[in-house]
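The values are calculated or read from the model by the stated rules, or taken from the named source; none is laboratory data. Just so we're clear, the structure is a prediction, and the values are computed from it rather than from any experiment. For neighbour counting, all protein chains shown are included, and Cβ atoms are generated from backbone atoms with ideal geometry for every residue, glycine included. Just the protein is used for accessible areas: all its heavy atoms, side chains included, with ligands, DNA and RNA removed. Shrake-Rupley method; radii C 1.70, N 1.55, O 1.52, S 1.80 Å.
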Amino acid sequence: MRIIGRRLLLYVLTAWVAISVNFLLPHLMPGNPIQTLIGKLQGQVTPQEIEAIRLSFGGGIDKGLLSQYFTYIDQLFHGNLGVSITLSSPVSTILKASVPWTIGLIGVSTLLSFLIGTVSGALLGWTRGSRLDALIPTATFFQAIPYFFLATVMLLIFGSNLHWFPVLGAYSQNLHPGWTWPFVASAFRYAELPVVSIVLSSVAGWMLGMRNMMITVAAEDFVLMSVAMGLSKRKVIMTAARNAVLPSIANLSLAIGLVVSGALLVELVFNYPGVGDLLLNAVQNEDYPLIQGIFLVITLAVLAANLLADVVYLALDPRTRTETVA
Amino acid sequence: MDETRTKNRILDLRNFSVDYGWGDGAVRAVDNVTMHVDRSTVVGIAGESGSGKSTLIYGFTRLLRAPGVIAGGEALFNLSDASASEGNFINLVTATESEMRRVRWSNISIVLQSALSALNPVLRVRAQFDQVLKTHRPHMSKSQRRDRTIELLALVGLNEDRLRRYPHELSGGQRQRVMIALALTLNPSLVVMDEPTTALDVVTQREIIGKLAELRSQFGFAMIFITHDLSLLVELADEIVVMYAGTVVERAPAQTLYDSPRHPYTLGLLSSFPPMHGARTELTGIPGSPPDLSDMPGGCRFHPRCPYAMERCARETPPLAQVTNESRSVACWLHAGDEDAAVPVELRRVGVERHPPLGAENAEGET
Ligand SMILES: Nc1ncnc2c1ncn2[C@@H]1O[C@H](COP(=O)(O)OP(=O)(O)O)[C@@H](O)[C@H]1O
Ligand SMILES: [Mg+2]
């Protein structure tokens, strides 16, 4: 428990640093982009909106940086991320509409990829040298193709030509978003192709990692002993897999960061209404409040996922909880 | 019925061979080994590292991993218990996987050199026992399993508060004790120990050996005890088998072998270790190193390193033959036939000068 507490503290610290950097970013831009923005918006938006923008950057450029910083943090804790310049609505509202899509899509595909890769890797490692090994070049092939290309080709073939999957968007435009069965079913249908494309392009890493670990662990004495103890074959394989999966779980936290940055590409290709799509627009339009809000959400999501992976790892490997040594 | 298959025989290895690799790439790591273990006896296997001791036991327990394969021979194991009127033998070499699973741990258990690597790192001590008991004693209740585990831990001198520990939270000696307790869980008739004390310090080593001797007399299991330290075996073993380059070069009752080795290699091994009791003497050891399996010398495998090698040794391989009028065997041309005069004095006489306090005087040396 104490270890988890310490990790938590570390993550809170990291989050604080990320928030601070996020605050400083527009201030460090050459030529004071905030001032430029406000100038650009004069006449287009109401004075209240301009005030909101000021607030979101820390209460106005005329005050000191430190006081701006405190205002920024205070606003943050009240859920005020400012107002998007291009979309003219609060950043928090915009994020609420797009973040769930990204987390759903990326979370589901990462988990699926991890599960499929780990299970198949464990089997491949155990039956090393069998015909199953043919899976490896197939999986590596999909990983080697640039994701953008793979996704576009899949979209064209299975979506536009064969019409096996619906394309473009996250749900049917005839439905109203909400927790209704037709809407959820439609969301799943629309997610299929992007999920398959992500899994295809990322499963090889998990598979190879697990396979190699499985081969290493299978050579360990305790696996031999579990055979000598007369345990069933299934138990023996589970003994090996249970120990072999540990590095993969440690890698999971690393992978999550990469996956989130990959989300941009996925959402671009499939026109998926997540933060990736949003971020691209925000950057193109120099919409700083929105950019900051997205960065913040991404950072916090990655940190949370890391914390989760850490806790799982601690739960699975007693050697990492060495405090209890007698 | 075959006369060697008496009811008191536990294990009978006949011309047992193990190869690593197949076809042209194969090397023979265990070559034509014939030996046996009787009920409730301790057979020690000694030999330098690389002489094939581990390969032999992984071989007959069917635990070899690729590229290891049994290349020939039989491994007859007696499944009947001590009260049975006759033996019930199964050939482990040809047994099916499900037959093997019934033999494993119930009849033959194994203790390896490093308990840290032999215990599953992610399971608590209690769970390690549980998985054995759940597999072989499915009718036991949770509390029965717990009681049995506590009883076993007590046998090896561990308190029940170790139940909740993970292997990495125990000391080396405690881990090996857990491993020994685990090996006794199902009251096997044969416990195989592959250098169980090599990784431990001398004091712990002594404690464990003492414990093993005690447990063995209490439960009467037979034991194969592998070590490269011959002096350790003298105290524990009834019989000692000396291996060199995959073959048995000498076999004799423990004390006899210790006092009057007949094979030059055994003599060399004995001089490599200080006696456990008595004065320290100079350790001469054996010059050179064991042969490469893929480049085995012709004739006697030991001849390139043997101080007594004769011309014949390079040409002909000496068979493991019984020494005239003695219950021991040796594979060495020095002891062939009646040319007793040719036997060097060190290999004939009782080793009184080397190990004074050990062993009763014995007249064989004078022949
Ligand atoms: N997996 C393997 N592949 C090839 N050769 C092996 C393998 N394992 C052991 N050997 C060889 O078999 C011989 C006997 O090894 P081993 O049984 O471990 O000896 P010991 O237990 O007496 O030290 C050694 O020469 C070793 O190099
Ligand atoms: Mg060995």
Exercise. Would a scan of region B:16-23 turn up a residue that is away from chain A (no Cβ under 14 Å), within 16 Å of ligand 2 (Cβ to nearest atom), in a strand (DSSP E or B) and over 23 Å from A:LEU224 (Cα atoms)?
Worked result: no
For this session: Look at B:VAL125 and say whether it is facing another protein chain (nearest Cβ under 8 Å) and at negative phi.
Result: no
For this session: Return a yes/no flag: does region B:81-104 have any residue that is in contact with a Leu (Cβ under 9 Å, 6 or more places away or on another chain), in a strand (DSSP E or B), facing chain A (nearest Cβ under 8 Å) and not polar (S, T, N, Q).
Result: yes
For this session: List the number of the failed condition for B:LEU153; all other conditions in (1) more than 28 Å from B:PHE60 (Cβ to Cβ); (2) modelled with pLDDT of 95 or more; (3) open to solvent by 20 Å² or more (accessible area, probe 1.4 Å) hold.
Result: (3)
For this session: Exactly one condition in (1) free of Cβ contacts under 8 Å to residues at least 40 places away in the same chain; (2) over 22 Å from the mean Cα position of the chain (by Cα); (3) under 27 Å from A:SER248 (Cβ atoms) is not met by A:VAL153; state its number.
Result: (3)
For this session: Read through the list (1) more than 14 Å from ligand 1 (Cβ to nearest atom); (2) within 14 Å of another protein chain (Cβ to nearest Cβ); (3) hydroxyl-bearing (Ser, Thr, Tyr); (4) open to solvent by 20 Å² or more (accessible area, probe 1.4 Å), then give the number of the only condition that B:SER40 fails.
Result: (2)
Exercise. Among the candidates B:LEU92, B:LEU64, B:LEU56, B:LEU79, which residue alone is free of Cβ contacts under 8 Å to residues at least 60 places away in the same chain, in contact with a strand residue (DSSP E or B) (Cβ under 7 Å, 6 or more places away or on another chain) and within 9 Å of ligand 1 (Cβ to nearest atom)?
Worked result: B:LEU64
For this session: Within region B:43-76, count every residue that is within 14 Å of chain A (Cβ to nearest Cβ) and either away from ligand 2 (no atom under 14 Å from the Cβ) or surrounded by fewer than 17 Cβ atoms within 10 Å (Cβ to Cβ) (or both).
Result: 5
For this session: Mind counting the residues in region B:164-186 that are within 16 Å of B:MET223 (Cβ to Cβ), in contact (Cβ under 8 Å) with a residue 60 or more places away in the chain and either assigned to a loop (DSSP other than H, G, I, E, B) or more than 9 Å from chain A (Cβ to nearest Cβ) (or both)?
Result: 6
Exercise. Between a first residue in region B:195-224 that is closer than 17 Å to B:THR185 by Cβ and a second residue that is modelled with pLDDT under 90 and within 16 Å of ligand 1 (Cβ to nearest atom), which pairs have beta carbons less than 7 Å apart while being 6 or more apart in sequence or on different chains?
Worked result: B:PRO196/B:GLN113
